[in-house]
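The structure under discussion appears below in the form of structure tokens.
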Amino acid sequence: MAISEDDRLALRSSLTPTIGERATRVLMEVLPPVNYDEITTRDDLENQRLLLSSDIREVRTGLQSEIREVRTDLQSRINELRTDVQSQIDELRVDLTSQIYELRVDNGAEFVATRAELKHEMTMLARTTIITQFASMIGLTALVATLA
């Protein structure tokens, strides 16, 4: 049953002669003009708390599931990247090894060619030196023969 403002005024008029003006005023302030059907009870609060707890559990479960999915997806992507990077490193290693081998072969061939060229030049220099010295000796011998 809803209490109207007229009902509150009638209660006040009835109580004033019995308990006095001051006590009636205090009582009316303690009993505010509200619809008592709208007042929340402890049972209402407990029911709301239970509903809220249930909602929180559902959200937590959903979030945990999503976090697991994200973690799994992230781990999968990390593994893919790790595999790709390792593959690229292996390819670079093979390429670098091949290039080093080619450099060794090329440098080895150049070294052999340079060595042969240097040996040839040294041989030619030695021959020239020997011929020059021999010619000098022949010239000296001829000079000594003409002087003698």
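We did not get these values from a lab; they are worked out from the coordinates using the rules stated. Because the structure is a prediction, the values reported are computed rather than measured.
Overview of results
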| item | result |
| --- | --- |
| Along principal axes, Cα extents of segment 6-54, largest first, whole Å | 53, 19, 12 |
| Separation between Cα centres of segment 60-79 and segment 111-148, rounded to whole Å | 87 |
| The chain: projected area of the alpha-carbon convex hull, averaged over directions, in nm² | 27.5 |
